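Reviewing the structure listed below.
The values are calculated or read from the model by the stated rules, or taken from the named source; none is laboratory data. Keep in mind it's a predicted model, so treat the numbers as computed, not measured. Neighbour counts are summed over all protein chains in view; Cβ atoms, including those assigned to glycine, are modelled from backbone coordinates with ideal geometry.
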Amino acid sequence: MKTQRNYSVLGLTAVLFMSLSCGSSKQPQAGIEKSDFGQLNGQSVELYTLTNHQGAILKVATYGGTITELHVPDKNGKMDDVVLGFENLDGYTSPAYELSNPNFGGLIGRYGNRIAKGKFTLNDVEYTLATNNGENHLHGGNKGFNRVVWAAKPIPGEKENAIELTYTAKDMEEGYPGNLKVTVVYTLTDNNELKIDYSAITDKATPCNLTNHSYFNLSAGAQPTIAAHEVTILADQYTEVDSGLIPTGNLPEVKGTPMDFTTPHKVGERIEDAFEQLKTGGGYDHNWVLRNNSGSLKLAATVYDAQSGRFMEVLTTEPGVQFYTGNFLDATLTGKGTTYVKRGGLCLETQHFPDSPNQPTFPTTILQPGDTYHTQTIYQFSIK
């Protein structure tokens with residue numbers, strides 16, 4: 001029997017829904033603006049700013065398909081930026097950024113998360129990938145999808161504005177087989193939804209596991225860390241990992257451990273206990289096995305910041321979510337007037353499990369010729 005994988009005509013939809021408790025009598029001017037974001041090896045990088053009639057703002061750079069800014073309301077109706085990033089391209093290409101390698105807001109591929117020792121076997125052929133995370137492969141290699149310039153096309157509409165990004169990864173690029181054609185559409189609607197639609201097709205069987213690596217701080221920087229953010233994850237198991245964050249194949253129960261987020265807990269409440277018990281990652285950097293792995297859309301996680309009142313819900317068709325607490329941020333990076341300290345933001349990367357090409361019991365990540373990659377994720381913002 002084929003392991004569960006959800007393929008369809010149009011891919012990963014990540015929707016961030018912002019319910020505003022306060023509104024203005026005058027609607028903001030909605031639309032799409034294109035501006036210069038910098039030069040990379042003589043190639044122009046563009047920045048697209050999408051605004052809706054509620055005043056929500058999304059900024060996306062063609063370098064890496066990167067979400068550079070996302071402005072959503074707090075409990076007083078004030079819009080502010082809740083993602084970590086930089087104001088220009090230099091921030092994403094500086095030596096300090098390359099050394100830290102946080103992947104702020106980028107589109108991750110061809111394979112999000114880790115592959116053990118940078119090797120996998122497919123159709124009796126062993127493939128060797130870059131080992132860019134210790135002895136392991138991480139987030140697509142030395143030049144993943146977050147380090148390429150995507151072609152872009154604006155798609156304006158009456159009730160929504162979108163930007164379509166396309167990129168084709170060549171056969172054996174970063175060691176992966178097959179020419180993989182990827183299309184990503186970011187849409188900002190008038191009912192305050194941000195949709196990220198991923199689709200991909202290939203001419204050879206290949207691993208494919210796409211995600212977005214945005215770091216959220218729902219206080220918009222009013223709190224330097226996310227320690228006080230309350231998190232819920234609707235998962236009864238997680239993928240146990242070794243010291244290199246590679247799955248062992250075991251799926252322990254979360255009950256009675258610091259990994260239990262089936263009820264809300266502040267990030268900082270048990271994070272040191274988790275590190276002490278697990279001896280991995282410096283905090284939370286694990287894949288949770290979500291309930292109801294049928295490929296249907298379900299609630300996966302929530303995040304609440306009491307100071308701002310912002311509440312985020314994450315729904316997905318994916319079987320897993322990587323909860324990462326910015327453990328490797330070290331105050332060497334400053335963007336948008338903020339120094340990014342350890343645990344300055346959190347990620348909820350919906351995904352298939354790490355190292356799935358080497359774990360036959362995990363849901364498959366192999367995309368076959370003739371199939372279309374499809375997943376859907378929804379981030380919903382409201383006020384609580």
### Task
Go through (1) modelled with pLDDT of 95 or more; (2) buried (at least 22 other Cβ atoms within 10 Å of the Cβ) one by one and return the number of the condition Met18 breaks.
(1)
### Task
Return the pairs, sorted by first residue and then second, in which the second residue is in a loop (DSSP other than H, G, I, E, B) and aromatic (Phe, Trp, Tyr), the first residue lies in the stretch 369-384 and is buried (at least 22 other Cβ atoms within 10 Å of the Cβ), the beta carbons are less than 9 Å apart, and the residues are 6+ apart or on different chains.
none
### Sole exception among (1) farther than 18 Å from His213 by Cα; (2) of a type in the set (A, V, I, L, M, F, W, C); (3) not in a strand (DSSP E or B) for Leu299, by number
(3)
### Task
Determine the pairs where a residue that is at negative phi, located within the stretch 87-106, has a partner that is surrounded by fewer than 22 Cβ atoms within 10 Å (Cβ to Cβ) and among the hydroxyl-bearing types (Ser, Thr, Tyr) with Cβ atoms under 8 Å apart, the partner being 6 or more residues away or on another chain.
Gly91/Tyr97; Ala96/Thr332; Leu99/Thr332; Ser100/Thr332
## Note on the structure
Filtering the stretch 330-384 down to residues that are under 25 Å from Tyr111 (Cβ atoms), part of a loop (DSSP other than H, G, I, E, B) and either of a type in the set (Phe, Trp, Tyr) or within 16 Å of the chain's Cα centre (by Cα) (or both) yields Gly345, His352, Phe353, Pro354, Phe362, His374, Thr375
### Task
Could you please find all residues in the stretch 180-206 being buried (at least 24 other Cβ atoms within 10 Å of the Cβ) and closer than 21 Å to Gln351 by Cβ?
Leu180, Val182, Val184, Tyr186, Leu194, Ile196, Tyr198, Ala200, Thr202, Thr206
### Query
Does at least one position in the stretch 302-311 carry a residue that is touching a Lys or Arg at 6+ places or on another chain (Cβ under 7 Å), more than 17 Å from Val82 (Cβ to Cβ) and either β-branched (Val, Ile, Thr) or in a loop (DSSP other than H, G, I, E, B) (or both)?
no
### Query
Quick one: what pairs do we get from the stretch 115-137, first residue on the phi > 0 side of the Ramachandran plot, second surrounded by fewer than 16 Cβ atoms within 10 Å (Cβ to Cβ) and at pLDDT 95 or above, C-beta under 7 Å, 6+ apart or different chains?
Lys117/Glu135; Gly118/Thr128
### Task
Can you run down the residue pairs with Cβ atoms below 8 Å, 6 or more apart or on separate chains, where the first is in the stretch 179-190 and acidic (Asp, Glu) and the partner is assigned to a strand (DSSP E or B)?
Asp190/Glu160
### Selection within the stretch 215-258 - out of contact with any Gly (no Cβ under 7 Å at 6 or more places or on another chain), among the polar types (S, T, N, Q) and part of a loop (DSSP other than H, G, I, E, B)
Ser219, Gln223, Thr239, Ser243, Thr248, Asn250, Thr257
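Need a quick list: strands (runs of 3 or more DSSP E) entirely within the stretch 25-127 having at least 3 residues that are among the hydrophobic types (A, V, I, L, M, F, W, C).
In the stretch 25-127, the matching strands (runs of 3 or more DSSP E) lie at 31-40, 43-51, 57-61, 66-73.
Results for (1) surrounded by fewer than 23 Cβ atoms within 10 Å (Cβ to Cβ); (2) in contact with an Asp or Glu (Cβ under 8 Å, 6 or more places away or on another chain), shown as yes or no for each residue.
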site	(1), (2)
Gly268	yes, no
Gln277	yes, no
Tyr304	yes, yes
Gly309	yes, yes
Glu318	no, no
Thr325	no, yes
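Table: residues versus (1) within 27 Å of Pro363 (Cα to Cα); (2) touching a Gly at 6+ places or on another chain (Cβ under 9 Å); (3) touching a residue at least 60 places away in the same chain (Cβ under 8 Å).
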position: Thr280; (1), (2), (3): yes, yes, no
position: Asn287; (1), (2), (3): yes, yes, yes
position: Ser296; (1), (2), (3): yes, no, no
position: Thr302; (1), (2), (3): yes, no, yes
position: Ser308; (1), (2), (3): no, no, yes
position: Glu313; (1), (2), (3): yes, no, yes
### Query
Which one is surrounded by the fewest Cβ atoms within 10 Å (Cβ to Cβ) among residues in the stretch 228-251 that are closer than 11 Å to Trp288 by Cβ and not polar (S, T, N, Q)?
Asp236
### Query
All but one of (1) surrounded by 16 or more Cβ atoms within 10 Å (Cβ to Cβ); (2) assigned to a loop (DSSP other than H, G, I, E, B); (3) among the small types (Gly, Ala, Ser) hold for Gly157; which doesn't?
(1)
### Task
Scan the stretch 141-194 for residues that are among the acidic types (Asp, Glu), in contact with a Ser or Thr (Cβ under 7 Å, 6 or more places away or on another chain) and closer than 27 Å to Ile366 by Cα and report the count.
1
